[in-house]
Amino acid sequence: MAQEIEHTHLPIRGLNLHVAQVGKGELGTVVFLHGFPEIWYSWRHQMLAVAAAGYRAIAPDCRGYGLSDQPPEHEEASWEHLVDDVLGILDALSVPKAFLVAKDFGAMPAYDFALAHPDRTLGVVCLGIPFSPVPFSFDTMPEGFYILRWGEPGRAEADFGRYDVRRVVRTIYVLFSGAKIPTASEGQEIMDLADLSTPLPEWFTEEDLDAYAALYEKSGFRYPLQMPYRSIHRRPTHMNAKFQVPVFMVMGEKDYAFKFPGFETGVRSGAMEHFAPDLKITYIPEGGHFMQEQLPEQVNELLLGFLKDHPVAA
């Protein structure tokens with residue numbers, strides 16, 4: 001019988017952060033960091049799989065997301081805060097070391113945490129986002145590119161505000177599930193790129209959408225637009241980075257982000273090996289942006305293989 005996911009709130013650095021967890025952790029602890037438009041729930045398949053294999057799974061809602069508290073409105077969103085939150089969660093749960101599994105913008109604090117706290121990190125698994133020693137630049141992208149559009153204060157708020165939260169999350173899931181980079185034409189907004197006649201991906205149910213919509217109803221989009229979209233340029237630089245832990249990258253070849261400037265060439269050229277000496281890269285030909293939900297069995301097999309290849313010393 002599958003173990004049941006439990007929920008708690010932890011007081012971390014002045015905010016109550018929601019954490020979902022499951023498993024006893026005889027073999028170690030795995031922390032899952034979500035992206036946008038996601039919450040802890042996006043890791044549900046992986047959490048149950050690692051728990052069944054003997055690990056403890058911990059999946060927080062990032063600050064400002066889901067059931068976690070909102071940071072103060074006047075406070076500038078900071079990548080360092082996300083790293084400190086992970087450290088605070090490990091301390092609060094008395095976890096000495098953990099594997100980090102992340103995707104989308106969650107990959108950045110996962111990489112940063114491993115660099116800042118190698119003594120607390122067992123390994124890093126990132127889906128779709130390579131490590132970069134400098135902030136990602138999208139200067140060569142067209143004006144209608146969604147990251148540039150959502151980076152404009154007020155632009156996404158007006159766009160999203162035309163619809164209820166459920167439809168906004170639905171539209172983003174439909175757009176982000178495709179292999180095409182979401183880009184609007186002149187006079188068009190990102191929400192105009194899909195409508196209700198476009199079906200949800202077959203692996204994403206109406207019940208799944210309800211779970212996401214309910215939590216975005218609570219959190220809204222204020223902080224999610226700040227982090228990551230209006231904070232990308234503030235990423236810390238790591239020109240001399242050297243990972244002291246194993247790093248596993250899983251790239252979906254149908255993930256639209258694979259087409260971002262420099263992503264594919266950077267990954268295939270071996271450039272990351274300069275920063276991560278113990279690096280493994282696997283490609284999933286049919287994998288999209290949400291591969292952990294789209295192809296859970298395949299992702300779980302890769303994840304469990306990595307965990308078993310790096311047993312925690314007793």
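Contact annotation: residue pairs with Cβ atoms under 7 Å, 6 or more positions apart or on different chains, pairing a residue in the range 6-21 that is touching a residue at least 40 places away in the same chain (Cβ under 8 Å) with a partner that is in a strand (DSSP E or B) and among the hydroxyl-bearing types (Ser, Thr, Tyr), are VAL19/THR8. The test for being modelled with pLDDT under 95 and either surrounded by 20 or more Cβ atoms within 10 Å (Cβ to Cβ) or more than 14 Å from the chain's Cα centre (by Cα) (or both) holds for VAL134. The residue that is farthest from GLY23 (Cα to Cα), counting only those in the range 47-100 that are aromatic (Phe, Trp, Tyr) and within 18 Å of the chain's Cα centre (by Cα), is TRP79. Within the range 106-156, the set of residues being assigned to a helix (DSSP H, G or I) and charged (D, E, K, R) comprises ASP112, ASP119, ARG120, ARG149, ARG155. Residues in the range 180-199 that are touching a strand residue (DSSP E or B) at 6+ places or on another chain (Cβ under 9 Å) and aliphatic (A, V, I, L, M) were compared, and the one that is farthest from LEU295 (Cα to Cα) is ALA184.
State whether the residues of the range 1-8 include one that is within 18 Å of ALA110 (Cβ to Cβ) and either in a loop (DSSP other than H, G, I, E, B) or of a type outside the set (Ser, Thr, Tyr) (or both). The answer is no, given that none of the residues of the range 1-8 is within 18 Å of ALA110 (Cβ to Cβ) and either in a loop (DSSP other than H, G, I, E, B) or of a type outside the set (Ser, Thr, Tyr) (or both). Residues in the range 125-139 that are in contact with a Leu (Cβ under 7 Å, 6 or more places away or on another chain) and among the aromatic types (Phe, Trp, Tyr): PHE138 only.
If you scan the range 148-180, which residues turn out to be surrounded by fewer than 18 Cβ atoms within 10 Å (Cβ to Cβ), in contact (Cβ under 8 Å) with a residue 60 or more places away in the chain and hydrophobic (A, V, I, L, M, F, W, C)? Within the range 148-180, ALA179 is the sole residue that qualifies. Residues of the range 260-297 that are aromatic (Phe, Trp, Tyr) and closer than 24 Å to ASP309 by Cβ: PHE275, TYR283.
Among the numbered conditions (1) more than 27 Å from PRO311 (Cα to Cα); (2) in contact with a strand residue (DSSP E or B) (Cβ under 9 Å, 6 or more places away or on another chain), the only one that GLU73 does not meet is (2). Candidates HIS81, HIS45: the one that is closer than 19 Å to TYR229 by Cα and of a type outside the set (Ser, Thr, Tyr) is HIS81.
Restricting HIS117, HIS34, HIS45 to those that are modelled with pLDDT of 95 or more, surrounded by fewer than 20 Cβ atoms within 10 Å (Cβ to Cβ), closer than 22 Å to ASP210 by Cα and of a type outside the set (A, V, I, L, M) reduces the list to HIS45. Only one entry of ASN300, ASN240 meets the criterion of being in contact with a helix residue (DSSP H, G or I) (Cβ under 7 Å, 6 or more places away or on another chain) and either closer than 27 Å to GLU206 by Cα or outside any helix (DSSP H, G or I) (or both), and that entry is ASN300. If only residues of the range 181-219 that are without any contact (Cβ under 8 Å) to a residue 40 or more places away in the chain and among the small types (Gly, Ala, Ser) are counted, the one that is surrounded by the most Cβ atoms within 10 Å (Cβ to Cβ) is ALA194. If you take the residues of the range 86-113 that are over 26 Å from LEU304 (Cβ atoms) and in contact with a Leu (Cβ under 9 Å, 6 or more places away or on another chain), which of them is surrounded by the fewest Cβ atoms within 10 Å (Cβ to Cβ)? Among residues in the range 86-113 that are over 26 Å from LEU304 (Cβ atoms) and in contact with a Leu (Cβ under 9 Å, 6 or more places away or on another chain), the one surrounded by the fewest Cβ atoms within 10 Å (Cβ to Cβ) is ALA92. Looking across the range 59-76, the residues that are surrounded by 21 or more Cβ atoms within 10 Å (Cβ to Cβ) and touching a helix residue (DSSP H, G or I) at 6+ places or on another chain (Cβ under 7 Å) come down to ALA59, PRO60, ASP61, CYS62, ARG63, GLY64, TYR65, GLY66. ALA213 meets each of the listed conditions (1) within 30 Å of ALA271 (Cα to Cα); (2) in contact with a Lys or Arg (Cβ under 7 Å, 6 or more places away or on another chain) apart from (1).
The values are calculated or read from the model by the stated rules, or taken from the named source; none is laboratory data. A quick note: this is a predicted structure, and the numbers were derived from the prediction, not measured. Cβ: placed from backbone, ideal geometry, glycine included. Neighbour counts: every protein chain shown.
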